[in-house]
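Written below as structure tokens is the structure these notes are about.
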Amino acid sequence: MASLNVGNLGEYLREQRRQAQLSLRQLADAAGVSNPYLSQIERGLRKPSADILQQLAKALRISAETLYVQAGILDERDRDEVETRAVILSDPSINERQKQVLLQIYDAFRRENALEAEEPETDSSGSGSGSGSGSGDTAVPPTN
């Protein structure tokens, strides 16, 4: 089964390299790996480490997480998040600063939604009526 993941990784890498219009040698040089080693990865004969995948992702200007999923390093259920990040990072119409800002906003929304998903469990186990205003805060009307 591991060789299947490596094969998928190799095919994916080859496709990304071709889309980036890079030769095997150009990508190998940009990533700091040997030409024969990269060729073996693309053919599914070698399984690169996470560090090598990160170097390849940087050279291809794609997210390392996308390569981690392809290699079976990152869990498949995180794929939606990874794909969203990959789309943002690969968009040629925005600059690197804008990409980082978008990713920060995306992370903030995900954290906020995760907290909201947890709140009903903690709130429901608290007070019985909860909807009243026992603290006296409602005496001051909100300002608009």
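The values are calculated or read from the model by the stated rules, or taken from the named source; none is laboratory data. This one's a predicted model, so the numbers in the text were calculated from it and none came from an experiment. All Cβ positions, even for glycine, are placed from backbone atoms using ideal geometry, and neighbour counts span all protein chains on display. Protein only, heavy atoms only, side chains kept; ligands, DNA and RNA dropped before computing areas. Shrake-Rupley method; radii C 1.70, N 1.55, O 1.52, S 1.80 Å.
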- prompt: Can you work out the FRET efficiency for the pair ALA20 and ARG110, with r the C-beta to C-beta distance and R0 = 25 Å, to the nearest 0.05?
  reply: 0.30
statement: Carbon plus sulfur, as percent of the 1.4 Å-probe accessible area of the stretch 58-97, comes to 49
task: Please report, in Å, the Rg and the Dmax of the stretch 61-106, where both are computed over Cα atoms only.
output: 10.8, 30
statement: Per the C-alpha gyration tensor (a ≥ b ≥ c, the square roots of its eigenvalues), the stretch 1-117 is rounded if a/c is under 1.5, else prolate if a/b beats b/c, else oblate; here it's oblate
